[in-house]
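Heads up, the thing below is written out as structure tokens.
Values quoted throughout were computed directly from the atomic coordinates according to the rules given, and no laboratory measurement underlies them. Since we're looking at a predicted model, the values are computed, not measured. FYI the Cβ positions are ideal-geometry reconstructions off the backbone, even for glycines, and counts take in every protein chain you see.
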Amino acid sequence: MKTKNFGLFFIAWFMLLQYSVLAQKIDCFVLEAPTKQYNNIKKIGVMEFTGEKEAGQILSDQMIARLLQEDRGIVAHETGFLGLGKTAEGVSHIKGFKTNVYTVIERNQINEILKEQKLGLSGTIDESTAAKVGAILGLDAIILGAITYEKKEENTSKSYKNKDGKSYTKYCKIRKISSTASMKIVEVSTAEIIGVETAAFSDEDTKCDDQRANIANYNQLLNNILSATANKFVNYFTPRYTRMRFEMEKIKLKELKKQADQAGVYLKNGNLKQAYPLLLAIYEADSYNPKAAYNAGIIHEMTGLYQDAINYYTIANQLEPSNQLYDKALKRAEGGLQTLAFLESIDKPIETYTFSTNSDALAEKILLKGKSSERVDVYEFPDVKSEVQAKIPGGLEFVVIEKQGDWYRIKLINNKEGFVHKKDVN
């Protein structure tokens, strides 16, 4: 019994430890630049991929669907220890950017031009033919390519022995599909290939014994690999959102630990405007602490303020050059700055995120007792016989200017001050 209780205690302790660590990790979606950056392309078309007609049509349509998405890459994700928490909606603090940066012509319009101009009758479409179609439609670039896939099904069996010594055979069915695809981006004005990407994916399903009838069909497997292929091809030339887990450093300095922990909670809850003054004040109070500089860099990177993030990450890296976390963050922010330059070059800049500093960020604060429907007396002097300056709803937080015995002198709105007794403070 003792061993069992110890085991349960250890598991509970381990999960609590993991939770405390994860509480300082913030998930959000940030921008990621494409592999190829084209600042002179505004209007594109996606032709039907050749090789496997149905698959080629689906791949083309899936690429177009992704190119039309405004928030491509932002998805829901699992939370909690080992993903055992609730599904959380994807959140980005980047403002004003939409991933549908191109005007896209659907493949049906392209097919109409091919028929009208009697192009591609031989079944093959080269760069020159694609450029002619693109010119008729007024495109800057046109995408073409090919895809092939193979199906494979295998039946297996394996004999086992139960604990009682009896033998039995396990029968399984394995169904697999593999694909290879290539994509070319052709500049319409020159008929030159300006981008090439390839993709190879496979997917399979295995079911055994009485579950074999429930094995995924080939269409399901094919759709999965076409989806992965479409993602890879569109990522090649289009910016997207990508999930980032920012790891907050723990501030161990006693005087700043409470505020740092509070800033981490604000960030995790998406309250960036409350977290910002705390993080900046912590850094200013301990400017030679690389952890404080790194944490200040995080909030700037989360909001797309990459140059400011670079400044803070550089300080953290200089103070502790052996810390790979800081070096990795610095390189990531430098990449973000390049992404901003690209977005500006295609006239798709993000909105500038502005923060306001708060000189009282690190000041001692008190929370008044009671509910918002109740009132707490605030006196002119530390004496209940003095004049009542204000009657304030309970549950509000105030900055403490000083403490005099059992009284707190607090800062009120409109730059006024007053005293509240400790009995009215949580």
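For each pair in 268/331; 273/365; 257/403; 371/422; 273/328, compute the distance between the two Cα atoms and list the pairs where it is over 28 Å.
none
Over the chain, what is the relative contact order in percent, taking alpha-carbon pairs closer than 8 angstrom and at least six residues apart?
Relative contact order for the chain comes out at 15 percent.
Between [x] 52; [y] 32; [z] 26, which entry matches percent of Cα pairs over 36 Å apart as derived from the coordinates of this structure?
[x]
How long is the gain from residue 331 to residue 54 if the chain were fully straight, where each residue apart is worth 0.36 nm and the alpha carbon distance is subtracted?
Result for the pair: 95.5 nm of gain on full extension.
What's the FRET efficiency of residue 324 with residue 194 using the Cβ-Cβ distance as r and R₀ = 35 Å, to the nearest 0.05?
Approximately 0.45, to the nearest 0.05.
Using a Förster radius of 30 Å, what is the FRET efficiency between residue 211 and residue 163 based on their Cβ-Cβ separation? Nearest 0.05, please.
0.85
Could you calculate the contour length gain from residue 338 to residue 128, that is, 0.36 nm times the residue separation minus the distance between their Cα atoms, to one decimal place in nm?
Result for the pair: 72.3 nm of gain on full extension.
Find which of 275, 404, 51 sits farthest along the positive direction of the dipole of the chain, computed with +1 on the beta-carbon of Lys and Arg, -1 on that of Asp and Glu, about the Cα centre.
Value computed over the given set: 404.
For residue 186, what charge total do you get from the other residues with a beta carbon under 11 Å from its beta carbon, if Lys and Arg give +1 and Asp and Glu give -1?
-3
Tell me, 279, 340, 412, 367 in order of fewest to most beta-carbon neighbours within 10 Å?
Going from least to most buried by this count: 367, 412, 340, 279.
Tell me which DSSP H helices of the chain clear both cut-offs, 27 Å or more of axial length from alpha-carbon atoms and a mean Kyte-Doolittle hydropathy of at least -1.0.
Sorted by number, the helices that extend far enough and score high enough are 2-22, 218-237, 324-345.
Residues of the stretch 373-405 with backbone nitrogen within less than 14 Å of a virtual label 7 Å along the Cα-to-Cβ line of residue 422, please, listed as ranges.
403-405
Apply 1/(1 + (r/R0)^6) to the Cβ-Cβ distance of residue 106 and residue 204, taking R0 = 41 Å, and write down the FRET efficiency to the nearest 0.05.
0.80
Expressed as a whole number of Å, what is the distance separating the alpha-carbon centroids of the stretch 102-167 and the stretch 213-243?
First find each Cα centre; the distance between them is then 12 Å.
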